[in-house]
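*Asks:* Can you keep this structure in mind? I'll have questions shortly.
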Amino acid sequence: MSNQYFQFKQFTIEQSDCAMKVGTDGVLLGAWAPVDNARRILDVGTGTGLIALQLAQRQPLAMIDAIEIDAQAASQAQRNVQASPWADRVKIICQDFKCYSSSQPYHLIVSNPPYFVDALRCPDAQRNAARHADQLNYEVLFAQSATMLHPDGQLCIIIPSEVGQLVVDTAWKYGFHPRKQLHIFTKPQKPCRRLIISFGIGLSACLNDKLIIHQPDGSYTADYQQLTSEFYLHLKR
């Protein structure tokens, strides 16, 4: 049974009402996404509110909107935000992203989107919505983001490595091109399991980097510790 809450250094994530619990993917995206010039941020499919709170911690000048279609998850995310130090800067919106619009552009849009495109469903409808790409697929993500992203802004997502080319091809249709890619490996000599890609509007050179999470003996690598040490209690800064 999953823990009902996850304690980070500066905030706590209650997660009993959310289908998708705190995981490495979300923490990595929240720790890596480019926030330096971001003053308005949108977190698409916020779930527990984890990534929105990470970005609030990292960028004290940002106002953050976090959208979530599931009412239970949105309610829990709201409680997590209210209990955090950044309740005045993070707004939870319970709405379908396909119907969402903003009168002001965002400098950064982030998403840890559903990733099972053609997989068997489980009996839990809430978990299916969180894990499967029926309601929030890559076409919707890029099409909607194209209408709301600042011309100099970035869209940053984490995806399974096997759908990398599909995602890049979909992005291209809406004018997005990779700016930076982080290739994530669980251990040395293992295949790449995840990609974090930051997209911008228009062609540009793409910088590639890699991150290995574990050493062969199972301990965390120095690179992983450096990236996530602002958040995990067991890692020293």
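Read the figures in this text as sums done on the coordinates, not as results from a lab. Note that the structure is predicted; figures quoted are calculated from it, not measured. Don't worry about glycine lacking a Cβ; one is built from the backbone with ideal geometry, like all the others, and counts go over all protein chains shown.
*Asks:* Expressed in nm to one decimal, what extension gain is obtained for the pair Ala146 and Trp172 from 0.36 nm per residue of sequence separation less their Cα-Cα distance?
*Replies:* Stretched fully, the Ala146-Trp172 segment lengthens by 8.3 nm.
*Asks:* Which value at 222 nm does the chain reach when only helices count, each DSSP H run of 4 or more adding -39,500 (n - 2.57), with the total divided by all residues and rounded to the nearest 500 deg cm²/dmol?
*Replies:* -8000 deg cm²/dmol
*Asks:* When you count, for each residue, the other Cβ atoms within 10 Å and take the mean per peptide, how do 173-186, 63-76 rank with the highest first?
*Replies:* 63-76, 173-186
*Asks:* Which of Val90, Val22 has the fewest other C-beta atoms within 10 Å, and how do the rest follow up to the most?
*Replies:* Val22, Val90
*Asks:* Something else: Just how large is the dipole of the range 5-228 about the Cα centre, in debye to the nearest 20, putting +1 at every Lys and Arg Cβ and -1 at every Asp and Glu Cβ?
*Replies:* 320 debye
*Asks:* Oh, and also: For the range 35-103, what class follows from the C-alpha gyration tensor (a ≥ b ≥ c being the square roots of its eigenvalues): rounded when a/c is under 1.5, otherwise prolate if a/b is larger than b/c, else oblate?
*Replies:* It comes out oblate by the Cα gyration axes.
*Asks:* Name the residue from Ile212, Gln15, Ile158 whose Cα lies farthest towards the positive end of the charge dipole of the chain, charges +1 on Cβ of Lys and Arg and -1 on Cβ of Asp and Glu.
*Replies:* The one lying farthest along the dipole's positive direction is Ile212.
*Asks:* Mind running the shape call on the chain? Use the C-alpha gyration tensor, a ≥ b ≥ c as the square roots of the eigenvalues: rounded below 1.5 for a/c, prolate if a/b tops b/c, oblate otherwise.
*Replies:* rounded
*Asks:* Still on this structure, I have one more. Running a GNM on the chain with Cα contacts under 10 Å, which residue among Asp43, Asp25, Asp169 ends up with the highest mean-square fluctuation?
*Replies:* Asp169
*Asks:* Then there is this: State, to one decimal in nm, how far the label point of Arg79 lies from the label point of Cys94, with both points 7 Å from Cα in the Cβ direction.
*Replies:* Roughly 1.3 nm, to one decimal.
*Asks:* How high is the FRET efficiency between Gln4 and Leu203 when r is their beta carbon distance and R₀ equals 45 Å, given to the nearest 0.05?
*Replies:* 0.45
*Asks:* Full extension from Ser229 to Lys210: what is 0.36 nm times the residue separation minus their Cα-Cα distance, to one decimal in nm?
*Replies:* Full extension of this stretch gives 5.1 nm more.
*Asks:* Give the percent of DSSP beta bridges with both residues in the chain that are antiparallel, rounded to the nearest 5.
*Replies:* Of the beta bridges lying entirely in the chain, close to 45 percent run antiparallel.
*Asks:* A follow-up question, please. Could you work out the relative contact order of the chain? I mean the mean sequence separation of Cα pairs under 8 Å and 6+ apart, divided by the number of residues, in percent.
*Replies:* Rounded, it is 17 percent for the chain.
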